[in-house]
Amino acid sequence: MFDRLFGFFSTDMAIDLGTANTLVYVDGKGVVLNEPSVVAIATVNNKTDVVAVGNEAKQMLGKTPGHIRAIRPLRDGVIADFEVAEEMIKYFIRRIHNNRLFSASPRIVICVPYGATAVERRAIQESAEEAGAREVYLIEEPMAAAIGAGLPITEPQGSIVVDIGGGTTEVAVISLGGIVYASSIRVGGDKMDEEIATYIRKNFNLLIGEATAERIKKEIGSAITLQNSKDVKLTIKGRSLIDGNPKDMEVTQKHVAEALMDPVSAIAEGVKDALERTPPELVADIIDSGITLTGGGALLANLDTVISHITGVFVKVAENPLNCVVLGTGRALAETKKNGSVLLKNY
Ligand SMILES: Nc1ncnc2c1ncn2[C@@H]1O[C@H](COP(=O)(O)OP(=O)(O)O)[C@@H](O)[C@H]1O
Ligand SMILES: [Mg+2]
C-alpha cells in the first residue's frame, strides 16, 4: 500500500554511468540527461571545488588554466577518482531533482561496468543514496546493453553483445537471463582518438588535441580503407612541431583508417577470443543470431564489417547504440518484479 503510494509520487530513474557519457532515463519522459562524464575542479590554497560538470566541463578539456583541471573520473572503465566520481553522480541526480521531475525520492538503478570491484559498486551506490535516492539498484553493463538492444536475454538461447564505449569494450555472452562469459578490454573510443593524434603527429608533424582527434574520427573515421577513401577529407587545425606555429592540414579517410588499425583489430580480436571461450551450443545460436554492437564506438564506419570478417559471424549495429545501455537499464527497473535476477542490490 505504502509502496503504491510512493510509486505514485515518485518516478524511477535509470542511469548509465559511462566512461565518456552519462545518460539518465525517466519512465514516461525518455532520456532527460545526456552529458559527458567530465568534472572540472579548481584547486586554490589546497582546497578543491567543483567548477563545472558535464558539457560545460568537457569544453574545458585541454584548455584549463593551471589551477583548474578537467577530469574524467571513470576514464578507463573503473573509477580512477572516487571523490570526483561521487560528486558527478550527485550533481547529475540533483539536477534532475531540481528540474521538478520528482516529487519524492526516486528509485534509482545505475549501470556499472562488468569489471567494477565491490568497493567501486558500493561507492556508486552510496553516492546515489546521498543524492536522495530511496532505493538503489545496480545492473551490470553488458546485461543492460543487451536488454536495450532488444536481445532475447531470458530465452535459453545464446546472444552476444559488444559494447564499445570510451574507455573500454565489454563483450558478453548471455543466456537464460545470466552472463555466461564476459570480458572487458581497455580499448575503446579514447584509444582511437589517441591513435589518430599520434598518427598525425608522427606523419605530419602536427600536434592536435583530444577533441580534434575525436571530431576527425566521428566525421571521417573508418575501420577499413575503402577504394575512394582519398576523396573523403577534413581540414583540421593544430600546432606545427617544426616551427610551433598554428597550421591547417587536410586529413583523408585513408589516413584515419591507417591510424585506427591497432584499436580496431584489438576490438575484433577481443570478440573472436570471447567466441572461442563460449560453450559450443551457444556458439551455434550466435552463428544464427549474429553479433550485436552497442555503445558510441559501434558508430565507427565499417567496424561491423571488420568484426564480421575476423570472426566469420554476421554483425549488426543496434538501433541507437549510444542509448542502448540507459534504455536497457530503465527497462530492467520497470520489470524488477518479473526479472529480479538481472538487478543487483546492496553492496
Ligand atoms: N559517429 C561516431 N563514430 C565513431 N565513434 C563515435 C561516434 N559517436 C560517438 N563515438 C565515440 O563513442 C564513445 C562514447 O561512447 P559511449 O557509449 O557513450 O561510451 P561510455 O559508455 O564509455 O560513456 C566516444 O569515444 C565517442 O568518440
Ligand atoms: Mg557505456
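The values are calculated or read from the model by the stated rules, or taken from the named source; none is laboratory data. Note that the structure is predicted; figures quoted are calculated from it, not measured. All Cβ positions, glycine included, derive from the backbone under ideal geometry; neighbour counts span all protein chains shown. These area figures cover heavy atoms from the full protein model, side chains too; ligands, DNA and RNA do not enter into them. Shrake-Rupley method; radii C 1.70, N 1.55, O 1.52, S 1.80 Å.
Being touching a Leu at 6+ places or on another chain (Cβ under 7 Å) and not basic (K, R) is the filter; apply it to region 23-33 and report the residue that is farthest from ligand 1 (Cβ to nearest atom). I'd like the intermediate steps shown before the answer.
Looking only at region 23-33, we keep the residues that are touching a Leu at 6+ places or on another chain (Cβ under 7 Å), and these are 23-26, 29, 31-33.
Filter once more, so that each one left must be not basic (K, R): 23-26, 31-33.
Numbers: L23: 8, V24: 13, Y25: 14, V26: 19, V31: 12, V32: 16, L33: 13 Å.
Per the stated criteria, the residue is V26.
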Which residue is farthest from the chain's Cα centre (by Cα), if the candidates are limited to region 130-142 and must be open to solvent by 10 Å² or more (accessible area, probe 1.4 Å) and at pLDDT 90 or above?
Y137
When the residues of region 191-207 are narrowed to those that are closer than 22 Å to T169 by Cα and of a type in the set (V, I, T), which ends up surrounded by the most Cβ atoms within 10 Å (Cβ to Cβ)?
I196
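Filter region 152-166 down to residues that are more than 16 Å from ligand 2 (Cβ to nearest atom) and either open to solvent by less than 30 Å² (accessible area, probe 1.4 Å) or among the aliphatic types (A, V, I, L, M) (or both), then give me how many there are.
4
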Is it true that some residue in region 50-71 is in contact with a Phe, Trp or Tyr (Cβ under 9 Å, 6 or more places away or on another chain), of a type in the set (G, A, S), within 16 Å of ligand 1 (Cβ to nearest atom) and open to solvent by less than 80 Å² (accessible area, probe 1.4 Å)?
yes
Failed condition for V251, given (1) open to solvent by 20 Å² or more (accessible area, probe 1.4 Å); (2) within 16 Å of ligand 1 (Cβ to nearest atom):
(1)
Can you tell me which residues in region 279-300 are surrounded by 19 or more Cβ atoms within 10 Å (Cβ to Cβ) and over 17 Å from A146 (Cα atoms)?
L300
Would you confirm whether or not region 233-242 contains a residue that is open to solvent by less than 60 Å² (accessible area, probe 1.4 Å) and within 16 Å of ligand 1 (Cβ to nearest atom)?
yes
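Could you list, in sequence order, the residues of region 167-187 that are open to solvent by 10 Å² or more (accessible area, probe 1.4 Å) and within 11 Å of ligand 2 (Cβ to nearest atom)? Write out each step before concluding.
From region 167-187, those open to solvent by 10 Å² or more (accessible area, probe 1.4 Å) are 168, 175-187; that's our starting set.
Scanning region 167-187 gives a single hit, T168.
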Residue list for region 301-322, restricted to those being assigned to a helix (DSSP H, G or I), open to solvent by 70 Å² or more (accessible area, probe 1.4 Å) and more than 15 Å from ligand 1 (Cβ to nearest atom):
H309
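Please tell me if I108 is of a type in the set (V, I, T) and surrounded by fewer than 20 Cβ atoms within 10 Å (Cβ to Cβ).
no
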Please tell me if L293 is aliphatic (A, V, I, L, M), within 16 Å of ligand 1 (Cβ to nearest atom) and under 23 Å from P152 (Cβ atoms).
yes
Enumerate the pairs (first residue in region 234-249 and acidic (D, E); second residue anywhere and open to solvent by 90 Å² or more (accessible area, probe 1.4 Å) and at pLDDT 95 or above) with beta-carbon separation below 8 Å, excluding pairs fewer than 6 apart on the same chain, so at least 6 apart or on different chains.
D248/K237
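Condition first: assigned to a loop (DSSP other than H, G, I, E, B), of a type in the set (D, E, K, R) and more than 16 Å from the chain's Cα centre (by Cα). Now tell me which residues in region 60-76 satisfy that. Spell out how you get there, then give the answer.
We begin by selecting, within region 60-76, every residue assigned to a loop (DSSP other than H, G, I, E, B); these are 60-67, 72-76.
Now narrow it down to the ones that are of a type in the set (D, E, K, R): 63, 72, 75-76.
Answer for region 60-76, where residues must be assigned to a loop (DSSP other than H, G, I, E, B), of a type in the set (D, E, K, R) and more than 16 Å from the chain's Cα centre (by Cα): just K63.
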Filter result (within 17 Å of E258 (Cα to Cα) and more than 16 Å from ligand 2 (Cβ to nearest atom)) within region 290-303:
A301, N302
